[in-house]
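Peer 1: Let me begin by handing over the structure; questions about it come next.
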Amino acid sequence: GARQQTELCNESLMLEKLPACGKSFAEIMKKVDPKKWCNLTEFIMYYDNFTLCTEREANNASCFWPNPLAETFITGIHRQFFSNCTSEKVHWEDPPDEILITLILIPVMLTCAMITLVVWCSKRSDIL
């Protein structure tokens, strides 16, 4: 359950303790190949521990989590390790006209053929 804040947030204590979380995360990230830093599956457990550490230290200082100071600290860690992990947007293009026309005409022709077949069969129901 959520813990009620009975004391005022001790921001200076929190800011004093958060770097230990960052240092621990940095030490463990040394074990991960830097080429794999953009692959979350390679370090998700370490990142989870880092997040839990920042939350614990914020709570120990009677601060809610996340808070602007903790977010600034976490953003700094992100800049340190994940600044090169920008996602490239996919540029979608229409297919060439020949393929596009074919993809449109095939369902139209099949629909016309099915309608013709149904009408033809319904007119010939007395013979069948």
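Peer 1: For the chain, with all protein chains present and a 1.4 Å probe, just round the carbon and sulfur fraction of the accessible area to a whole percent.
Peer 2: That fraction is 60 percent.
Peer 1: With every protein chain kept in place and ligands, DNA and RNA left out, what is the accessible area per residue of region 11-83? Probe 1.4 Å, answer in Å².
Peer 2: 63
Peer 1: Dimensions of region 3-51 along principal axes (Cα, Å, largest first)?
Peer 2: 44, 21, 12 Å, listed from the longest principal axis down.
Peer 1: Taking a 1.4 Å probe, which of Arg79, Arg124, Arg56 shows the most accessible area, and what order do the others take after it?
Peer 2: Accessible-area ranking of Arg79, Arg124, Arg56, largest first: Arg79, Arg56, Arg124.
Peer 1: In square nanometres and to one decimal, what's the mean projected area of the convex hull around the Cα atoms of the chain?
Peer 2: The number I arrive at for the chain is 17.8 nm².
Peer 1: Angle, helix 11-29 long axis vs. longest principal axis of the chain, Cα atoms, 0 to 90°, nearest 10?
Peer 2: The answer is roughly 60 degrees.
Peer 1: Once both axes come from the Cα atoms, what is the angle between helix 68-82 and the longest principal axis of the chain, in degrees from 0 to 90, rounded to 10?
Peer 2: The angle comes out at about 70 degrees.
Peer 1: If you don't mind, there's one more thing I want to ask. Given R₀ = 35 Å, FRET efficiency for Val32-His91 by Cβ-Cβ distance, to 0.05?
Peer 2: The formula returns an efficiency of 0.70 here.
Peer 1: Now, a different point. Based on the alpha-carbon gyration tensor of region 11-83 and its eigenvalue square roots a ≥ b ≥ c, which shape applies: rounded if a/c is under 1.5, prolate if not and a/b is larger than b/c, or oblate?
Peer 2: Verdict is prolate for region 11-83.
Peer 1: Specify the angular offset, from 0 to 90 degrees and rounded to the nearest 10, of the alpha carbon long axis of helix 97-123 from the longest principal axis of the alpha carbons in the chain.
Peer 2: With rounding to tens, the tilt is 50 degrees.
The values are calculated or read from the model by the stated rules, or taken from the named source; none is laboratory data. Bear in mind that the values here come from a model prediction, so they are computed numbers and not experimental data. Heads up, the Cβs are rebuilt from the backbone with ideal geometry, glycines too, and the neighbour counts pull from every protein chain shown. Note: accessible area is taken over every heavy atom of the protein model, side chains too, but ligands, DNA and RNA are not part of it. Shrake-Rupley method; radii C 1.70, N 1.55, O 1.52, S 1.80 Å.
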